[in-house]
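Working notes, beginning with the structure itself.
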Amino acid sequence: MPCRMKVPAVAFLLGAGLACDAGRHTTAGFRLPPDGDSERGQAAFVQFGCSRCHQVVGADLPQPTVQPPVPVALGGEVSNRYSDAYLVTKIVYPSYQLASYPRDQITASGKSRMPHDYAATMTVRQLTDIVAFLQSRYTVRVMQPQYYFR
């Protein structure tokens with residue numbers, strides 16, 4: 001390919017890649033500060049009353065007390081690592097995308113049973129630490145390759 005054609009082709013590909021960016025609707029540029037502290041996050045998790053409703057796999061927390069029980073357990077094995085953006089959204093806007101549990105167990109009046117005021121009451125430091133705590137409780141399941149013989 002002549003050099004004159006390479007420059008427009010590269011410019012086109014870069015432009016096409018930028019055009020695919022969904023702006024504020026993508027996690028591509030979302031980053032929390034890297035200094036989240038899991039221990040402070042666990043303390044904030046309890047302070048905000050999250051442990052009244054949620055169990056966290058492998059964490060030493062008070063047992064949930066809310067009735068009816070919330071079936072959403074946090075932590076454990078997952079097939080893909082959750083992004084910080086995903087966890088932040090679940091905390092500050094829990095009704096955005098409801099978990100795939102029976103709706104009557106996780107909703108009240110069509111919205112998540114989880115309180116919706118964390119965006120107004122939680123500091124960025126507390127949010128960063130809670131996300132660090134939750135991230136420390138998830139492990140990615142190693143998928144074994146499937147071999148088929150004929």
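For the residues Lys90, Lys111, what sequence is obtained by ranking on other C-beta atoms within 10 Å, fewest first?
Details: Lys90 20, Lys111 12.
Lowest to highest Cβ neighbour count: Lys111, Lys90.
Put +1 on the Cβ of each Lys and Arg and -1 on the Cβ of each Asp and Glu in region 27-140; which of Ser51, Ser79, His116 then has its Cα farthest toward the positive end of the dipole?
Selected residue: His116.
Roughly speaking, what is the centre-to-centre gap between region 70-128 and region 136-150 when only Cα atoms are used, to the nearest Å?
Cα centres, region 70-128 to region 136-150: 26 Å.
Taking amide H atoms as placed 1.01 Å from N in the peptide plane, list the residues 5 or more away in sequence, or in a different chain, whose amide H sits under 5 Å from that of Thr107.
Under 5 Å from the amide H of Thr107 lie the amide H atoms of Arg113, each far enough along the sequence or on another chain.
Please arrange Asp84, Asp117, Asp129 by counting, for each residue, the other beta carbons lying within 10 Å of its beta carbon, fewest first.
Working: Asp84 21, Asp117 9, Asp129 25.
With the sparsest Cβ surroundings first, the list reads Asp117, Asp84, Asp129.
Fully extended, how many nm does the chain gain between Cys53 and Ala108 (0.36 nm per residue separation, minus their Cα-Cα distance)?
Working: separation 55, 0.36 × 55 = 19.80 nm, distance 1.44 nm.
The span from Cys53 to Ala108 would gain 18.4 nm if fully extended.
Stokes-Einstein diffusion coefficient for region 27-140 at 10 °C in a medium of 1.306 mPa s, Rh from the Kirkwood formula over Cα pairs: what value in µm²/s?
Using the Kirkwood radius from Cα pairs, D works out to 109 µm²/s.
Values in this text are rule-based calculations from the coordinates and carry no lab data. Please read these numbers as outputs of a predicted model, since none were measured by experiment. Counting neighbours? That spans all protein chains shown, and the Cβs are built from the backbone with ideal geometry, glycine included.
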